[in-house]
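Take a look at the structure set out below.
Every read-out reported here was derived from the displayed coordinates using simple, explicitly stated rules and does not represent laboratory data. All of these numbers come straight from a predicted model, not from anything done at the bench. Note: ideal-geometry Cβ built from the backbone for every residue, glycine included; neighbour counts use all protein chains shown.
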Amino acid sequence: MATSFGTLDEFRAASGTHLGAGPWMAVDQERIQSFADVTEDWQWIHVDVDRAARSDMGSTIAHGYLTLSLLPRLSSGIFEFTGAGKVLNYGLDRVRFLNPVRAGDRIRAHAELVEVTDSGDGALGRVRYTLEIDGRVRPACVVEALMLALPA
């Protein structure tokens, strides 16, 4: 069940808490290929299934930026704002790609609300996401996302 913030004060009060984990999502070769086509990044480790299978990776891997771009989908269901006027992406800090996501891997996000600070009329939240790979110890990515919640 998602954590729900009905007011900005509830959001501020949750600072320093673990918000939970989102659902698992499979990253298949079709998604990797589609991302390569959109970004025009056709490096062989992403799109040449046969060559990648013979490499030390053992398969194709997702682009790091593909993994990062899945954050909105991966974080769905972890928390929601029911009382804010709008919530805006404000930026990213400290993005680290720690472990490649192979075609067929399942990943999910864990979210920790690191801090919430006042920003004008709203509240600026820093959420640390750890993108876990099913069956592996090291995560795929750790990123701090900034979001600006504004009153209704």
Have a look at L66, G135, S15 and report the one farthest towards the positive end of the charge dipole of the range 1-137, computed about the Cα centre with Cβ charges (Lys/Arg +1, Asp/Glu -1).
G135
Computed ³J(HN,Hα) along the range 11-26: with the Karplus parameters 6.51/-1.76/1.60, θ = phi - 60°, integer Hz and x for glycine or proline, the list is 4, 4, 5, 7, 3, x, 10, 7, 9, x, 10, x, x, 5, 9, 7
Please compute the modelled spin-label separation between V142 and R96, points set 7 Å along Cα→Cβ, answer in nm with one decimal.
0.4 nm
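Percent relative contact order of the chain, based on C-alpha pairs within less than 8 angstrom and at least six residues apart? Before the final figure, lay out each step's value.
Numbers: 339 pairs, mean separation 46.9, N = 152.
Result for the chain is 31 percent.
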Long-range amide H partners of T3, meaning residues 5 or more apart or on another chain whose placed amide H is closer than 5 Å, are F79, E80
Geometric extent, Cα atoms of the range 24-95 - Rg, Dmax (angstrom)
15.9, 52
What ranking do E30, E115 get, fewest neighbouring Cβ atoms within 10 angstrom at the top?
E30, E115
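If R₀ is 41 angstrom, what is the calculated FRET efficiency for the pair L150 and I45, using the beta carbon separation as r and rounding to 0.05?
On the way: r = 41 Å, r/R0 = 1.00.
The pair L150/I45 has a calculated efficiency of 0.50.
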Taking just the alpha carbons, could you work out the radius of gyration and Dmax for the chain, both in angstroms?
17.2, 55
Would you mind putting 15-23, 121-129 in packing order, based on average other-beta-carbon counts within 10 Å, highest first?
121-129, 15-23
May I ask you to evaluate 6.51 cos²θ - 1.76 cosθ + 1.60, the Karplus curve with θ = phi - 60°, for each residue of the range 89-95 and list the ³J(HN,Hα) values in order in whole Hz, giving x for glycine and proline?
5, 10, x, 10, 10, 6, 7
Hey, can you grab everything whose amide H is under 5 Å from the amide H of A140? Only 5+ residues off in sequence or another chain; H modelled, so Pro and N-termini drop out.
L131, E132, I133
Using only Cα atoms, tell me the angle between helix 29-39 and the longest principal axis of the chain; keep it within 0 to 90° and round to the nearest 10.
70 degrees
Phi-based couplings in Hz for the range 46-52 (Karplus 6.51, -1.76, 1.60; Gly and Pro marked x):
9, 10, 9, 4, 5, 5, 5
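If packing is taken as the mean number of other Cβ atoms within 10 Å per residue, what is the order of 76-88, 100-112, highest first?
Working: 76-88: 15.6, 100-112: 19.9.
Packing proxy ranking, top to bottom: 100-112, 76-88.
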Net dipole in debye of the range 1-112 [+1 Lys, Arg Cβ; -1 Asp, Glu Cβ; about Cα centre; nearest 20]:
220 debye
Between the alpha-carbon centers of the range 49-112 and the range 1-16, tell me the distance in whole angstrom.
23 Å
